[in-house]
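The values are calculated or read from the model by the stated rules, or taken from the named source; none is laboratory data. Predicted model only: the values in this text are computed from it and were never measured. Neighbour counts are summed over all protein chains in view; Cβ atoms, including those assigned to glycine, are modelled from backbone coordinates with ideal geometry.
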């Protein structure tokens, strides 16, 4: 089964599509905001998933600068399913994207 990645094509305003030469990473890093309102632990994903921790730390610094009152941290997730599939897009270290393949998820609509 082939995976596709999408990456920024340099300087133009279009995205290019490339066949994946690598599989999705088994570990990803991302920024989470913890609210902790009313004594409850509440966490929300606030970024894309990243292939490397330094990428997530750059996003963490950007979030903290934009919202100094927020409680942000970098989290790590791992999967033991190969090839790895994530439900959010993954930003590779070279800037290309791995888009989620939502083949087994149901679409919910408001009635």
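Values as computed for the structure displayed
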{"item": "Segment 59-98, residues that are without any contact (Cβ under 8 Å) to a residue 12 or more places away in the chain and within 20 Å of residue 34 (Cα to Cα)", "result": "61, 62, 64, 65, 66, 67, 68, 69"}
{"item": "Inter-residue pairs, beta-carbon under 9 Å, first on the phi > 0 side of the Ramachandran plot and exposed (fewer than 14 other Cβ atoms within 10 Å of the Cβ) and in segment 20-40, second at pLDDT 80 or above and in a loop (DSSP other than H, G, I, E, B), 6+ apart", "result": "36/42; 36/71"}
{"item": "Condition met for residue 56 (within 28 Å of residue 37 (Cα to Cα), surrounded by 15 or more Cβ atoms within 10 Å (Cβ to Cβ) and modelled with pLDDT of 95 or more)", "result": "yes"}
